[in-house]
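Trainee: Below is a structure I'd like to ask you about.
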Amino acid sequence: MGTGEDGESRIVLAKPMTLNGESDVDYTAPNPLQLVLSLFKNVLPGSDLSRFQLPPLFNLPKSQLQCFGESVYCMATDMLSRCNSSENPHDRFIAVVAWSISTVRPLLFGVAPYNPILGETHHISRGNLNVLLEQVSHHPPVSALHATDEEENVELIWCHHPRPKFNGTSVEAEVQGKRQLKLLKRGETYVMNSPKLSIRFFPGPGAQWVGNVRIQCQETGLEAELCYRSNSFLWRKGNHRSIKGKIFESSSLKTLYEIDGHWDRSVSVKNIDNGKSTVIYNAKEVISGLNAPIVKDPREVWPSESAVVWSEVSKGILSKDWEKAREAKKAVEEKQRELLRDRESKGETCWAPKHFSVSYSKEGGWDCSPIQQRVPPAPIVVPL
């Protein structure tokens, strides 16, 4: 929990999700059966869940905006700087693949983060990496991320638009939106998508990442295809959290490397020419033992910061005071309704984000561009 000169209650920062899962966080998931019964009672198969509001019992004490950012800044090993370190374009591409895998994190079945409110922000720094996120749309929910590291000359620009749907026995969320990793001193841009989130209720409850991820770099002419798999049935243990894929030349489609492993254990790359295999990602080294961020300067924290907006709700969840959490969540939601009514009374039909320009097209979907060239250092920091 964050502390400040104006009292500890204004900012609440919970521990990030790590490889150790529930044993390493300061909250626990409720009985999964409660979630299933609640979902069956309130929604129908095929329903879009982006507007579905969970009671606080089923919430993590943090916003989806924070969870989105944690995949970038919560790492025990700096995978991002490795992307710049090699003079060989093949090695740089492999490092980008490894970094992309590192952004996938374990999930707790039965709980979900808060749906961010419109205009909510999350501003945080880890070393020289400064990260800024903003909720640029509420319906549909769209988050934008901009991160810069001036020392490494690296820039990240992501647009994040989850589309969860209830399928009767499961929930599947397609995470739309383009992710760009720019190695500015190399003049290279790597464009990639995200795997899908699958929450299964039967035959056994669980939450996993599944689906295909494509990584492309036009400047080097290289591409990667990754397939995230999970065991469809309880007896098929071999596919649990596995990754298979390849790196190939875009022009000739010639396969250069094969990718194989498990994102919660280790992933290796095999060179097709010489048969040599190399471990490129070790989950235990990267996403174990992660600490909660701390508040360095509480006076500089914006009122729109996630840890401020949801502080009272998070305090209720962490103390298991569910009535307090419910009332605090209701207050946040009602305030948003009041702001919406106020904008409508003034004839303001479109929301204008403060830190991003946003566009939408049927062909390309949502796209977000940062207004500032660099993200400034944040008043909330991740201990190194």
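The values are calculated or read from the model by the stated rules, or taken from the named source; none is laboratory data. What you see is a predicted model, and the numbers here were worked out from it, not measured in a lab. FYI the Cβ positions are ideal-geometry reconstructions off the backbone, even for glycines, and counts take in every protein chain you see. We work out accessible area using only protein heavy atoms, side chains counted, and drop any ligands, DNA or RNA first. Shrake-Rupley method; radii C 1.70, N 1.55, O 1.52, S 1.80 Å.
Trainee: Sorted by packing (mean other beta-carbon atoms within 10 Å per residue), highest first, where do 111-123, 150-162 land?
Mentor: The peptides rank, most packed first, as 111-123, 150-162.
Trainee: Right, here's the next one. Could you compute the FRET efficiency for K165 and R214, with r as their C-beta to C-beta distance and R0 at 25 Å, rounded to 0.05? Don't skip to the end; give the middle numbers.
Mentor: Details: r = 22 Å, r/R0 = 0.89.
The formula returns an efficiency of 0.70 here.
Trainee: Just list whichever of K315/K335; K254/K284; K196/K276; K165/K362; K178/K330 have alpha carbons separated by over 25 Å in the model shown.
Mentor: Result: K254/K284; K196/K276; K178/K330 exceed 25 Å.
Trainee: When the accessible area of the chain is computed with all protein chains present and a 1.4 Å probe, what percentage of it is carbon and sulfur?
Mentor: 49
Trainee: Cα axis of helix 322-345 to longest principal axis of the chain: angle in degrees, 0 to 90, nearest 10?
Mentor: 90
Trainee: Then there's this: At a Förster distance of 51 Å, what's the computed FRET efficiency of L184 paired with S319, Cβ-Cβ distance as r, to 0.05?
Mentor: Details: r = 45 Å, r/R0 = 0.88.
Efficiency computed from Cβ-Cβ geometry: 0.70.
Trainee: If packing is taken as the mean number of other Cβ atoms within 10 Å per residue, what is the order of 368-375, 325-332, 101-108, highest first?
Mentor: Going from most to least packed, we get 101-108, 325-332, 368-375.
Trainee: Taking a 1.4 Å probe, which of T278, T255, T349 shows the most accessible area, and what order do the others take after it? Intermediate values should be presented prior to the final figure.
Mentor: Working: T278 70, T255 45, T349 130 Å².
Per-residue accessible area, sorted high to low, gives T349, T278, T255.
Trainee: Let me spell out the model: positive unit charges on the Cβ of Lys and Arg, negative unit charges on the Cβ of Asp and Glu, origin at the Cα centre of the chain. What dipole size does that give, in debye rounded to 20? Please list the in-between numbers first.
Mentor: Working: 46 positive and 45 negative charges, 232 e Å.
Roughly 1120 debye, rounded to the nearest 20.
Trainee: Rg to Rh ratio, region 136-252, alpha-carbon atoms and Kirkwood radius?
Mentor: 1.05
Trainee: What residues qualify as long-range amide H neighbours of K15, i.e. H under 5 Å apart, gap of 5 or more or another chain, H built at 1.01 Å from N?
Mentor: D26
Trainee: Ok, one more. Measure nothing but the geometry: give the 0 to 90° angle between the long axis through the Cα atoms of 89-102 and the longest principal axis through the Cα atoms of the chain, rounded to 10°.
Mentor: That helix lies at roughly 30 degrees to the long axis.
Trainee: How big is the C-alpha Rg of the chain next to the rule-of-thumb value 2.2 N^0.38 Å, as a ratio?
Mentor: Against the empirical 2.2 N^0.38 Å value, I get 0.98 for the chain.
Trainee: List, largest first, the extents of the alpha carbons of region 240-384 along their principal axes, each in whole Å.
Mentor: Per principal axis, max minus min of the Cα coordinates gives 66, 42, 32 Å.
Trainee: Just the accessible area for D321, please: 1.4 Å probe, Å², rounded to the nearest 10?
Mentor: About 70 Å², rounded to the nearest 10.
Trainee: Quick one: work out Rg over Rh on the C-alpha atoms of region 74-158, Rh as Kirkwood radius.
Mentor: Checking Rg against Rh, the ratio lands at 1.03.
Trainee: Let me ask another. Would you kindly derive the ³J(HN,Hα) couplings of region 246-259 from the backbone phi angles with the Karplus curve 6.51 cos²θ - 1.76 cosθ + 1.60 (θ = phi - 60°), listing them in order in whole Hz, with x for Gly and Pro?
Mentor: In residue order, the calculated couplings are 7, 10, 9, 7, 5, 6, 9, 6, 6, 6, 9, 9, 10, 10 Hz.
Trainee: Right, something else. Would you mind working out the accessible area per residue for the chain, using a 1.4 Å probe, and quoting it in Å²?
Mentor: Here the per-residue accessible area is 47 Å².
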